[in-house]
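The values are calculated or read from the model by the stated rules, or taken from the named source; none is laboratory data. As the structure is a computational prediction, the values presented were derived from the model and not from experiment. Positions of Cβ are backbone-derived with ideal geometry, glycine not excepted, and every protein chain shown enters the neighbour counts. The area values use the complete protein model at the heavy-atom level, side chains included, leaving out ligands, DNA and RNA. Shrake-Rupley method; radii C 1.70, N 1.55, O 1.52, S 1.80 Å.
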Amino acid sequence: MTYLGIDLHTRNMTICAVSSNGKKIGEWKLSNDTDQLDKLIREIGAPLKAVVEATSSWYWLADWAEIRDIELVLAHAKMLKAIAYAKVKTDSVDAHTMAQLLAADLIPAAHMVMGIQRELRELLRARLRMVWRRCKVQDSVYNLFFKYNVPIPKYPFRDLNRLEEHLSSHLPPASSLEAVLQIGQLRLLESQVYQIEKQIDEYHPEFPEYDRISQVPGIGKVSSWSILAEIGDISRFKSDKNFVSYCRLVPGAADSGGKRRHKSRNKDGNKYLKVAFSQAAIGAVSFYPPVRAFYNKIRRRSGKHVARTVVAKELARIVYFMLSRNEPYKGFKGKPTPKDTYLNWPHSVSPHSIRGRDRADPSQPDAI
């Protein structure tokens, strides 16, 4: 068996090959071209196993390896640095170190998403990025309201045609043009978000767990898809504690010498699951009485920010046990669902929210 350490960059890569006993066989620097890679593996000839660091450009390499039946290990970047520190750090050193660790079976592996799950995850992340852009454009429109002291209508972004007329009648010509262009961006972004959501709906037969976890308080359509796409195989988490830590819903710690130091806003874990469960917590507190009572209890003791995070953590634990035990939703903190107040879940955060309600074709005037 020959072990390949691949130090991958956006335009080129450095590859180091070692034998089973860790002896260096060769080193190559190639451009990111599959033909050159094919030529190299033909020259090596032996059975191969490769490792690459989990950077932003590993997708194409994983697809290439899968087609050619080459086992590729995705190395966890932060844990890899903790294991293999080097004073002299070059592409050659990194590739050689990864190859040696792979031969010794010491690579800290990261979760590698492939196939349909990766496609769904990329769609959901693309949707989230577009929603963030839409929020930035909405902030720019609000700035025009404040700059010229224009009266703000109730739910201004529900009818963009009316909003455009309202701003045009109150703003000077230059700012009026800016408002028209900003609203045009909102229309485009809303149409693109709608297209992505239609594509996401086509994955429903591939993910039967969707119908189950969408019954959890606060977890609506988009949150359900996001959670399933980001989790992957729930069995990779040994316990619910590992799972909620991966969701960034527990603080870090730096305890030493008898002193306890909690570190909030720790970036270890999955930020998309953090967003999904945090949004679900807002919806659950708004519309589900048992969750609201639990939230108020924590809020009185620790404040609203901590209380919201605790609710998000409890929702994440519920999802973990539902998926790991293959069970239906049974209630929040041992309290069954009150049927008289909970028949029409999922709700949006606001009944007038664009993000929460079902929309028609956004090309129609009243869709936004």
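Restricting the stretch 102-124 to residues that are in a helix (DSSP H, G or I) and touching a helix residue (DSSP H, G or I) at 6+ places or on another chain (Cβ under 7 Å) leaves a set whose member that is surrounded by the most Cβ atoms within 10 Å (Cβ to Cβ) is 124.
Taking the conditions (1) outside any helix (DSSP H, G or I); (2) open to solvent by less than 50 Å² (accessible area, probe 1.4 Å); (3) farther than 17 Å from residue 8 by Cα in turn, residue 151 satisfies each one other than (2). Just one of the numbered conditions (1) in contact (Cβ under 8 Å) with a residue 12 or more places away in the chain; (2) surrounded by 14 or more Cβ atoms within 10 Å (Cβ to Cβ) is not true of residue 161; which one? In the conditions (1) in contact (Cβ under 8 Å) with a residue 12 or more places away in the chain; (2) surrounded by 14 or more Cβ atoms within 10 Å (Cβ to Cβ), residue 161 misses (2) alone.
Pairing each residue of the stretch 131-146 that is farther than 20 Å from residue 279 by Cα and free of Cβ contacts under 8 Å to residues at least 40 places away in the same chain with any residue that is among the hydrophobic types (A, V, I, L, M, F, W, C) and open to solvent by less than 90 Å² (accessible area, probe 1.4 Å), provided the two are 6+ apart or on different chains, yields C-beta distances under 6 Å for 144/179; 145/152.
The residue of the stretch 279-333 that is least open to solvent (accessible area, probe 1.4 Å), among those that are within 24 Å of residue 236 (Cα to Cα), without any contact (Cβ under 8 Å) to a residue 24 or more places away in the chain and not in a helix (DSSP H, G or I), is 327. Report yes if some residue within the stretch 237-254 is of a type in the set (Phe, Trp, Tyr), part of a helix (DSSP H, G or I), over 26 Å from residue 110 (Cα atoms) and open to solvent by less than 60 Å² (accessible area, probe 1.4 Å); otherwise report no. No, the stretch 237-254 has no match at all.
Residue pairs whose Cβ atoms lie under 6 Å apart, sitting 6 or more positions apart in sequence or on different chains, and linking a residue in the stretch 54-73 that is aromatic (Phe, Trp, Tyr) to a partner that is in a strand (DSSP E or B), are 58/52.
Only one of the numbered conditions (1) open to solvent by 70 Å² or more (accessible area, probe 1.4 Å); (2) in a helix (DSSP H, G or I) is violated by residue 85, and that is (2).
Would you please name the residue that is nearest to the chain's Cα centre (by Cα), looking only at residues in the stretch 67-125 that are over 30 Å from residue 206 (Cα atoms) and basic (Lys, Arg)?
It comes out as 78.
Please go through the stretch 68-103 and give me each residue that is small (Gly, Ala, Ser) and in contact with a strand residue (DSSP E or B) (Cβ under 9 Å, 6 or more places away or on another chain), ordered by number.
75, 77, 92, 95, 99, 103
Among the residues making up the stretch 200-232, those that are loosely packed, with under 14 Cβ neighbours inside 10 Å and either in contact (Cβ under 8 Å) with a residue 60 or more places away in the chain or assigned to a helix (DSSP H, G or I) (or both) are 201, 204, 205, 206, 211. Of the residues that make up the stretch 25-39, is at least one more than 13 Å from residue 94 (Cβ to Cβ), touching a residue at least 40 places away in the same chain (Cβ under 8 Å) and open to solvent by 60 Å² or more (accessible area, probe 1.4 Å)? Checked the stretch 25-39: no residue is more than 13 Å from residue 94 (Cβ to Cβ), touching a residue at least 40 places away in the same chain (Cβ under 8 Å) and open to solvent by 60 Å² or more (accessible area, probe 1.4 Å). For the stretch 176-195, the candidate set comprises residues that are of a type in the set (Val, Ile, Thr) and buried (at least 17 other Cβ atoms within 10 Å of the Cβ); within that set, the residue that is farthest from the chain's Cα centre (by Cα) is 183.
When you look at residue 95, is it in contact with a Ser or Thr (Cβ under 8 Å, 6 or more places away or on another chain), assigned to a loop (DSSP other than H, G, I, E, B) and at negative phi, yes or no? For residue 95, the condition - in contact with a Ser or Thr (Cβ under 8 Å, 6 or more places away or on another chain), assigned to a loop (DSSP other than H, G, I, E, B) and at negative phi - is not met.
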